[in-house]
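Okay, so here's the structure we're looking at.
The values are calculated or read from the model by the stated rules, or taken from the named source; none is laboratory data. What you see is a predicted model; the values in this text were computed from it and never measured. As a convention, Cβ positions derive from the backbone with ideal geometry for all residues, glycine included, and neighbour counts pool all protein chains shown. Each accessible area value is taken on the protein alone, full model and side chains, heavy atoms only, with ligands, DNA and RNA left out. Shrake-Rupley method; radii C 1.70, N 1.55, O 1.52, S 1.80 Å.
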Amino acid sequence: MAVIQVHQSNVQKLAIFIQCYNRPAYAKCAIESVLRQTNQNFRLIISDNSSNDELSRLVQADFPTLEYRRRVPSLPALDHFNKSISETETDFLCLFHDDDLMEDGFVEAMLNTIALYPDAAAYSCNGVTIENEVVRKGRFFESAEPHVIINNPCALGTRYFSKYPSGFAAFPAYIYRTSVVKHISIDAQAGGKYSDVAWLLEIAKHGDIVWNTKNLIRYRMHASNDSGVESLKDRLRLLGFLKLNRSFVGQTVINDYRFGLYKNLRKSLLANSKLSARSAKFIKRFLLTHRLKRFTRPETYAYLRYKLVKLFRQLNDG
């Protein structure tokens with residue numbers, strides 16, 4: 001499919017909010033990466049949710065002409081996202097994190113994707129992770145096609161929870177259709193720190209989600225990454241959300257999620273002798289049954305076949 005070139009116009013369709021909290025050095029790098037975009041047809045807003053004045057002083061000194069909004073008092077993280085969404089006046093918005101980086105062609109490529117799939121509810125892209133400024137091996141998701149079309153919540157849930165997934169797009173890279181997400185708040189009760197997954201599943205009820213397979217962001221790994229700390233309470237909240245949405249996500253997705261949850265739960269509780277014999281027996285039986293059922297699913301073999309073909313090509317190229 002030919003790529004449609006999107007030309008700049010005086011009407012800005014996209015707002016980019018850089019969501020900031022107490023990381024001024026990282027935030028400066030994130031801001032500079034957005035300012036380097038080859039396509040400048042967007043509205044940039046610095047949304048400062050910090051509990052101190054460090055970023056405020058930095059923006060005044062280094063970026064005095066940028067649109068800057070200070071959240072006083074600081075909001076809970078999910079309320080900060082919802083506040084930015086409520087303030088959006090453009091057709092599309094991106095809630096970018098202050099510790100991540102955009103590649104120079106992010107806006108250009110994503111506007112092209114929007115032009116190719118103008119009716120989708122949300123869009124994202126591929127990317128790499130960096131740690132101590134070193135790029136880690138691999139990317140967020142795998143696809144042989146230039147775009148991945150997620151056409152329902154079940155398909156999205158499979159990407160997140162299947163034993164043999166092809167990965168999923170990074171949350172900070174998402175661009176949302178404003179008319180859709182203004183009516184869908186990010187709800188902590190739907191998954192706590194994992195509420196972003198529940199929110200995306202809700203968005204998937206309203207239209208396709210399109211992922212560009214190009215590496216267009218760099219996701220920074222560091223000690224203060226919230227994703228690095230597990231929360232059993234929030235994992236169970238997300239399970240409750242999936243069960244309430246069984247008709248949308250399907251029982252297979254719920255069982256895939258349970259498998260990962262029970263596997264980690266069994267390991268941690270057995271190590272601390274906190275799992276009763278009855279519970280241990282139930283979890284062991286569920287894990288065994290689920291493993292056996294996976295061998296009857298065609299997507300298991302489709303994924304393994306894809307990985308073998310990829311390995312074969314890499315060996316030939318090497």
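One residue stands out in the stretch 151-173 among those that are among the hydroxyl-bearing types (Ser, Thr, Tyr) and either over 30 Å from Arg305 (Cα atoms) or in contact with a Phe, Trp or Tyr (Cβ under 7 Å, 6 or more places away or on another chain) (or both): the one that is surrounded by the fewest Cβ atoms within 10 Å (Cβ to Cβ), namely Tyr164.
The residues of the stretch 72-109 that are open to solvent by less than 60 Å² (accessible area, probe 1.4 Å) and assigned to a helix (DSSP H, G or I), listed by number, are Leu78, His80, Phe81, Asn82, Ser84, Ile85, Glu87, Phe106, Val107, Glu108, Ala109.
When Tyr68 is tested against (1) open to solvent by 40 Å² or more (accessible area, probe 1.4 Å); (2) at pLDDT 95 or above; (3) in a helix (DSSP H, G or I); (4) not small (Gly, Ala, Ser), only condition (3) is not met. Among residues of the stretch 25-54 being open to solvent by 10 Å² or more (accessible area, probe 1.4 Å), out of contact with any helix residue (DSSP H, G or I) (no Cβ under 7 Å at 6 or more places or on another chain) and not in a loop (DSSP other than H, G, I, E, B), the one that is farthest from Asp104 (Cα to Cα) is Ala25.
Looking across the stretch 83-105, the residues that are small (Gly, Ala, Ser) and over 18 Å from Val210 (Cβ atoms) come down to Ser84, Ser86.
For a quick check of your reading: which strands (runs of 3 or more DSSP E) sit entirely within the stretch 117-219 and have at least 1 residues that are touching a residue at least 40 places away in the same chain (Cβ under 8 Å) and either among the basic types (Lys, Arg) or in contact with an Asp or Glu (Cβ under 7 Å, 6 or more places away or on another chain) (or both)?
Output list reads 147-150, 175-177.
Of the residues making up the stretch 110-143, those that are open to solvent by less than 10 Å² (accessible area, probe 1.4 Å) and either charged (D, E, K, R) or closer than 11 Å to Leu216 by Cα (or both) are Met110, Ser124, Cys125, Asn126, Gly127. Any idea which residue in the stretch 174-213 is surrounded by the most Cβ atoms within 10 Å (Cβ to Cβ), counting only those that are among the aromatic types (Phe, Trp, Tyr) and within 16 Å of Ile149 (Cβ to Cβ)? Looking at the filtered set, the residue picked out is Trp211.
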